[in-house]
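Undergrad: Take this structure, written in C-alpha cells, and hold onto it; I'll ask about it next.
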Amino acid sequence: AANETGSEGAVPALDERTALRAGQAVIGTTVPDHTLLDRQGRPVQLSRYRGKPLLVSFIYTGCFQVCPTQTRSLYEAVKGLDRLLGEHQFNVVSIGFNQPFDSPDAMRSFARQHRIEHRNWEFLSPPRQSVEELTRAFGFSFVATPAGFDHVLGVTVVDAEGRIHAQVYGDRLRADQLGAPLRQLLLNAPPAAA
C-alpha cells in the first residue's frame with residue numbers, strides 16, 4: 001500500500017484484509033455486557049438484547065458518506081426483514097464509536113435525519129473509555145484519518161445468547177443477505193418461553 005507509516009504526507013488507511021480477519025476472529029465469542037446510553041440518555045445494558053437475534057452496526061454521526069449510506073442500506077434491509085420475519089423477532093442497534101461526539105443527542109439527530117422510527121432499532125452511545133474494548137469485541141476496525149475515520153462497512157449478527165454468529169459486509173446490506181443468518185438463528189432457536 002502507498003500509505004507507508006512514517007512516509008511524508010501519508011494518509012492513514014485501514015488494512016482491509018486485517019480488518020476482515022479481525023471480524024471473522026470474533027465469531028463464536030460472547031459479547032461483553034457493556035452499559036451504553038440510549039437517545040434519551042438512559043442507561044441500557046447490551047445483555048438486555050439477549051433472547052432475540054441482534055444486528056449491530058458501528059457508525060459515527062459526523063460521517064457524511066459511508067455511515068449514511070450504510071444506515072440507509074440497513075434501513076431498507078430492516079424494512080424488508082420486518083416484513084419477512086416480523087419486527088418482534090429481532091433487534092437492531094447502531095453504536096456511535098466516535099466519543100464524546102456521538103452523544104445521545106447526536107445519535108437522536110442522526111436517527112431523525114434518516115427517519116428511523118423502528119420500535120426494534122435503537123441508537124446507543126458507549127462511554128468513551130469502553131469504545132476500544134467494545135469495538136474489539138465485535139471485530140470492528142477503524143482508523144482515524146484527517147477526514148474522519150476509515151472503517152469497515154458491515155453488520156454483526158449476534159444470536160439470542162449474545163454470541164457473535166456472523167459478519168455481513170458491504171455497503172449494499174440487503175434484507176436477503178442479512179435475512180440468511182437471521183433465519184438460520186430463528187429456525188435453530190429453541191422455542192421462546194411464553
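Each row is one residue, and each column tells you yes or no for (1) modelled with pLDDT of 90 or more; (2) within 15 Å of residue 54 (Cα to Cα); (3) open to solvent by 60 Å² or more (accessible area, probe 1.4 Å).
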{"site": "84", "(1), (2), (3)": "no, no, yes"}
{"site": "94", "(1), (2), (3)": "yes, yes, no"}
{"site": "129", "(1), (2), (3)": "yes, no, yes"}
{"site": "132", "(1), (2), (3)": "yes, no, yes"}
{"site": "167", "(1), (2), (3)": "yes, yes, no"}
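Undergrad: Still on this model: Name the residues in segment 56-77 that are crowded, with 21+ Cβ neighbours inside 10 Å and not polar (S, T, N, Q), would you?
TA: The answer is 56, 58, 59, 67, 74, 77.
Undergrad: Return the total of residues in segment 109-127 being open to solvent by less than 40 Å² (accessible area, probe 1.4 Å) and of a type outside the set (Gly, Ala, Ser).
TA: 10
Undergrad: Report, ordered by the first and then the second residue, all pairs with beta carbons closer than 7 Å, sequence separation of six or more or different chains, a first member in segment 1-27 that is at pLDDT below 50, and a second member that is open to solvent by 70 Å² or more (accessible area, probe 1.4 Å) and assigned to a loop (DSSP other than H, G, I, E, B).
TA: Within 7 Å, the pairs are 3/11.
Undergrad: Tell me which residues, restricted to segment 12-55, are of a type in the set (S, T, N, Q), open to solvent by 80 Å² or more (accessible area, probe 1.4 Å) and assigned to a loop (DSSP other than H, G, I, E, B).
TA: The answer is 40, and nothing else.
Undergrad: Among the residues of segment 34-47, write down those that are within 26 Å of residue 144 (Cα to Cα) and touching a Gly at 6+ places or on another chain (Cβ under 8 Å).
TA: 46
Undergrad: Can you tell me which residue among 144, 106 is over 21 Å from residue 170 (Cβ atoms), surrounded by fewer than 23 Cβ atoms within 10 Å (Cβ to Cβ) and at pLDDT below 95? Spell out the reasoning first.
TA: On the way: 106 fails: at pLDDT below 95.
144 is the lone residue from the list that is over 21 Å from residue 170 (Cβ atoms), surrounded by fewer than 23 Cβ atoms within 10 Å (Cβ to Cβ) and at pLDDT below 95.
The values are calculated or read from the model by the stated rules, or taken from the named source; none is laboratory data. Only a predicted model underlies this, so the values are computations on that prediction, with no experimental measurement involved. Reconstructed Cβ throughout: ideal geometry from the backbone, glycine too, with neighbour counts over all protein chains shown. Side chains included, ligands, DNA and RNA excluded: accessible areas come from the protein's heavy atoms. Shrake-Rupley method; radii C 1.70, N 1.55, O 1.52, S 1.80 Å.
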